[in-house]
Amino acid sequence: MRKDDCIFCKIANGEIPSKTLYEDDSFRIILDLGPAARGHALILPKEHAENLYELPEDTATAAFMLAKKMASRLKDRLRCDGLNVVQNNGEAAGQTVFHFHIHLIPRYQKDGQHIGWKPGKPSSEELEEIRAQIVD
Ligand code: AMP
Ligand code: ZN
C-alpha cells in the first residue's frame, strides 16, 4: 500500500521528481537532498512501510541486496574511501521521514563528518543481564 501523505511514497513512485540512481518495480534509489557527504543515497521501497519492524521480509531481503550492489557502485564510481550504511527506526534513533529507507553514505578522508557513538563501559554482569533479557 502507498500512503497518501507520505513524501517518500510520492518520490519512490515518481510523483515527485528526484535524482534517481536506480529504479525497478519495487524500489527507487535517490540522492539525498541534505547529504552527509558527496553521493549520499537513499534506498526507498515503493510500498509504504514505516520502519524495519513493519517491512515485509522479502522486501527487507531485496533492500539489503540492493544496498550491497549500490555500495559497490558508489565505491567504484565515486572512489570514496569508505561507506556507511545507516538505517534509522523511530524518532529516538534519528528517523525523520517515517517511510523505511536505507542510507548509503560514501565517506572520504577528511570529509569532516562523524557517524558514531560514545562507547559505554558495561560490566560483565550488565552484559549478561542484557543478553538474558534479549534471549531467554
Ligand atoms: P532519516 O533521518 O533517517 O529519516 O533520513 C531522512 C533523510 O531524508 C535525510 O537525510 C534527509 O536529508 C532526506 N530527505 C528528506 N526529504 C527529502 C527529499 N524530498 N528528497 C531527498 N531526500 C530527502
Ligand atoms: Zn511512504
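Somewhere in the stretch 77-96, is a residue under 25 Å from Gly14 (Cβ atoms), out of contact with any His (no Cβ under 8 Å at 6 or more places or on another chain) and in contact (Cβ under 8 Å) with a residue 40 or more places away in the chain? The answer is yes; a qualifying residue exists. For Ile7, the requirement of being closer than 24 Å to Pro106 by Cβ and within 13 Å of ligand 2 (Cβ to nearest atom) is met.
Quick check: anything in the stretch 107-114 modelled with pLDDT of 95 or more, under 22 Å from Thr20 (Cα atoms) and not aromatic (Phe, Trp, Tyr)? Checking the stretch 107-114: at least one residue is modelled with pLDDT of 95 or more, under 22 Å from Thr20 (Cα atoms) and not aromatic (Phe, Trp, Tyr).
Within the stretch 14-31, the set of residues being touching a strand residue (DSSP E or B) at 6+ places or on another chain (Cβ under 8 Å) and either of a type in the set (Gly, Ala, Ser) or in a loop (DSSP other than H, G, I, E, B) (or both) comprises Gly14, Ser18, Lys19, Ser26. Scoring Gly34 on the criteria (1) within 11 Å of ligand 1 (Cβ to nearest atom); (2) outside any loop (DSSP other than H, G, I, E, B); (3) more than 16 Å from Val85 (Cβ to Cβ); (4) not hydroxyl-bearing (Ser, Thr, Tyr) leaves a single failure, condition (2). Any idea which of Lys46, Lys118 is basic (Lys, Arg) and free of Cβ contacts under 8 Å to residues at least 12 places away in the same chain? Result of the check over Lys46, Lys118: Lys118.
Going residue by residue through the stretch 99-114, is there one that turns out to be basic (Lys, Arg), surrounded by 10 or more Cβ atoms within 10 Å (Cβ to Cβ) and more than 16 Å from ligand 2 (Cβ to nearest atom)? Scanning the stretch 99-114, I find at least one residue that is basic (Lys, Arg), surrounded by 10 or more Cβ atoms within 10 Å (Cβ to Cβ) and more than 16 Å from ligand 2 (Cβ to nearest atom), so the answer is yes.
Hey, does the stretch 59-73 have a residue that's surrounded by 12 or more Cβ atoms within 10 Å (Cβ to Cβ) and in a strand (DSSP E or B)? No, the stretch 59-73 contains no residue that is surrounded by 12 or more Cβ atoms within 10 Å (Cβ to Cβ) and in a strand (DSSP E or B). The residue list Ile16, Ile43 contains one member that is in contact with a helix residue (DSSP H, G or I) (Cβ under 7 Å, 6 or more places away or on another chain) and surrounded by fewer than 19 Cβ atoms within 10 Å (Cβ to Cβ), which is Ile16. How many residues does the stretch 50-80 contain that are in contact with a Phe, Trp or Tyr (Cβ under 8 Å, 6 or more places away or on another chain), away from ligand 2 (no atom under 16 Å from the Cβ) and not small (Gly, Ala, Ser)? Qualifying residue count for the region: 3. Do we find that His48 is more than 12 Å from the chain's Cα centre (by Cα), part of a loop (DSSP other than H, G, I, E, B) and surrounded by 15 or more Cβ atoms within 10 Å (Cβ to Cβ) in this structure? In short, yes.
Among the residues of the stretch 80-94, is there at least one that is of a type in the set (D, E, K, R) and surrounded by 15 or more Cβ atoms within 10 Å (Cβ to Cβ)? No.
The values are calculated or read from the model by the stated rules, or taken from the named source; none is laboratory data. The structure presented is a predicted model; accordingly, all values stated were derived computationally and were not measured. Counting neighbours? That spans all protein chains shown, and the Cβs are built from the backbone with ideal geometry, glycine included.
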